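The values are calculated or read from the model by the stated rules, or taken from the named source; none is laboratory data. On a predicted model such as this, the values are computed, not experimentally measured, just so you know. So basically every Cβ, Gly included, is an ideal-geometry build from the backbone, and we count neighbours across all protein chains shown. Surface accessibility is based on the protein's heavy atoms, side chains included, excluding ligands, DNA and RNA. Shrake-Rupley method; radii C 1.70, N 1.55, O 1.52, S 1.80 Å.
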Amino acid sequence: MPTSLAAQWAALEEHFQRHAKLVARFRETGRDAVVAMWEGQINEDGTPLSEFEREALIERYCELFGTWPACTQQAARGIKTLADLELADRRIAEGRQRIARRRRTITEQGRLGSDIRLSERVLLNFEATLQPMVGYRRALTGKIPG
């Protein structure tokens, strides 16, 4: 069932408001700090990243470096317990969800007649970044995550 034009605009407005909050979270954070926070998976106070902070840090990383941050070697070496392995699986699942959301967004943008070239490039970066995460998981366990 097609959604109304007002509903489409409302969904876009909600998307852009959330994106603006993500971008604002680490707006003043410099390159070195972003890399250190990503590698340690911590915020500026040294506490583990919340889901929102993780997404915001990814946005800032993309802004600074033009690509999605890869799973770090340090993060892969840190997997020693079942909880760590579950966290790695969750991050892979998040990556897959992000890719699926990006594909849906591109489809919607295309239907609305928007230019989707930038969105397609972002999707390619997301897909390229997911592969090392899956590779690290496979190297640790010998299995591809479901």
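Brief remarks on what is shown
- Within the option set ALA70, ALA20, ALA76, ALA24, being at pLDDT 90 or above, open to solvent by less than 60 Å² (accessible area, probe 1.4 Å) and within 19 Å of the chain's Cα centre (by Cα) holds for one residue only, ALA24.
- If you go through the range 9-26 and pick out every residue that is part of a helix (DSSP H, G or I) and closer than 16 Å to PHE65 by Cα, you end up with 1.
Yes/no matrix, rows are residues, columns are (1) surrounded by 12 or more Cβ atoms within 10 Å (Cβ to Cβ); (2) at pLDDT 75 or above:
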{"residue": "ILE92", "(1), (2)": "yes, yes"}
{"residue": "GLY95", "(1), (2)": "yes, yes"}
{"residue": "GLY110", "(1), (2)": "yes, yes"}
{"residue": "GLY113", "(1), (2)": "no, yes"}
{"residue": "LEU118", "(1), (2)": "no, no"}
{"residue": "TYR136", "(1), (2)": "yes, no"}
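- Looking only at the range 44-57, and only at residues there that are closer than 17 Å to GLU94 by Cβ and among the small types (Gly, Ala, Ser), the one that is least open to solvent (accessible area, probe 1.4 Å): ALA56
- Scanning the range 27-43 for residues that are exposed (fewer than 14 other Cβ atoms within 10 Å of the Cβ) and not in a helix (DSSP H, G or I) yields a total of 3.
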